[in-house]
Amino acid sequence: MERSKAMMVVVAAMAFALVMVVPRADATRFIVGANMGWTTNVNYTIWAQGKHFYNGDWLFFVYDRNQMNVLEVNKTDYESCNSDHPLHNWTTGAGRDVVPLNVTRHYYFISGKGFCFGGMKLAVLVENPPPPPTSSPLNEKSGSPSSIYRGQIVLPAVFAIGALWDAFVRVW
Ligand SMILES: *[C@@H]1O[C@H](CO)[C@@H](O)[C@H](O)[C@H]1NC(C)=O
Ligand SMILES: *[C@@H]1O[C@H](CO)[C@@H](O)[C@H](O)[C@H]1NC(C)=O
Ligand SMILES: *[C@@H]1O[C@H](CO)[C@@H](O)[C@H](O)[C@H]1NC(C)=O
Ligand SMILES: *[C@@H]1O[C@H](CO)[C@@H](O)[C@H](O)[C@H]1NC(C)=O
């Protein structure tokens, strides 16, 4: 009986640790330009205004893969629309590119092929997320943009806890 109690504590501690290492549950995936997407005739400075981009969030670029692309450049090249030496080419070819914002810094994106000059340029400042709310971090907010992500992290955690539980039952 003592032994099974001890095992129970170990399993509970491991499950708790597992939940604690899970990344931010409230991360946001921003669709750049909202329902307009990544295209001409959108002012992305205005789109980004008032939004907070936190470390762990994503940008999702949706666009015409036959025309535009997604290039990360430095500040100088952002201002001059120079696409000759991108820092990172995020273009995968599908017209749907996800960029993880995983460093707290300024990020600069442009479309090459001349579209930057027409306004296809986006600058965002990625900040550290604010401290989590005191309530459960896994609180479900239905319809929030991160609900897919939440499923991706919670399911493996549930499976891992299940596996630990199996191991515990076998020892017991
Ligand atoms: C951006 O890169 C260009 C070319 O490599 C360089 O001349 C320029 O100084 C860089 N600007 C910044 C702000 O790093
Ligand atoms: C970016 O990568 C895509 C896919 O690999 C490639 O087709 C395209 O030529 C690249 N563009 C630049 C400017 O490097
Ligand atoms: C950020 O994400 C990029 C692309 O997935 C990756 O190459 C890079 O190592 C990551 N950086 C950090 C600090 O996690
Ligand atoms: C986008 O809007 C900002 C703020 O109103 C303005 O300063 C900027 O010139 C506009 N950019 C373009 C490409 O029209």
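To keep it simple, each residue is scored yes or no on (1) away from ligand 3 (no atom under 16 Å from the Cβ); (2) of a type in the set (Ser, Thr, Tyr); (3) farther than 30 Å from residue 25 by Cβ; (4) surrounded by 17 or more Cβ atoms within 10 Å (Cβ to Cβ).
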{"position": "62", "(1), (2), (3), (4)": "yes, no, no, yes"}
{"position": "71", "(1), (2), (3), (4)": "no, no, yes, yes"}
{"position": "77", "(1), (2), (3), (4)": "yes, no, yes, yes"}
{"position": "89", "(1), (2), (3), (4)": "no, no, yes, no"}
{"position": "94", "(1), (2), (3), (4)": "yes, no, no, no"}
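For every residue, the table says whether it meets (1) in a strand (DSSP E or B); (2) of a type in the set (A, V, I, L, M); (3) modelled with pLDDT under 50; (4) in the same structural domain as residue 59 (by TED's automatic domain parsing).
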site: 132; (1), (2), (3), (4): no, no, no, no
site: 138; (1), (2), (3), (4): no, yes, no, no
site: 153; (1), (2), (3), (4): no, yes, yes, no
site: 162; (1), (2), (3), (4): no, no, yes, no
- request: Answer yes if at least one residue in the range 94-109 is of a type in the set (A, V, I, L, M), within 16 Å of ligand 1 (Cβ to nearest atom) and assigned to a strand (DSSP E or B), and no otherwise.
  value: no
task: Would you mind stating whether residue 67 is over 17 Å from residue 31 (Cβ atoms) and more than 16 Å from ligand 1 (Cβ to nearest atom)?
output: yes
- prompt: Could you say which residue among 112, 118 is open to solvent by 40 Å² or more (accessible area, probe 1.4 Å), in contact (Cβ under 8 Å) with a residue 12 or more places away in the chain and either under 30 Å from residue 134 (Cα atoms) or not β-branched (Val, Ile, Thr) (or both)?
  reply: 118
query: Quick one: how many residues across the range 77-88 are hydroxyl-bearing (Ser, Thr, Tyr) and either within 20 Å of residue 101 (Cα to Cα) or assigned to a loop (DSSP other than H, G, I, E, B) (or both)?
result: 2
- request: Report whether or not residue 45 is part of a loop (DSSP other than H, G, I, E, B), more than 16 Å from the chain's Cα centre (by Cα) and touching a residue at least 40 places away in the same chain (Cβ under 8 Å).
  value: no
- prompt: Checking residue 41 against (1) loosely packed, with under 14 Cβ neighbours inside 10 Å; (2) more than 16 Å from ligand 4 (Cβ to nearest atom), which single condition isn't satisfied?
  reply: (2)
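The values are calculated or read from the model by the stated rules, or taken from the named source; none is laboratory data. Since the structure is predicted, the reported quantities are computational estimates derived from the model, not experimental observations. Heads up, the Cβs are rebuilt from the backbone with ideal geometry, glycines too, and the neighbour counts pull from every protein chain shown. Protein only, heavy atoms only, side chains kept; ligands, DNA and RNA dropped before computing areas. Shrake-Rupley method; radii C 1.70, N 1.55, O 1.52, S 1.80 Å.
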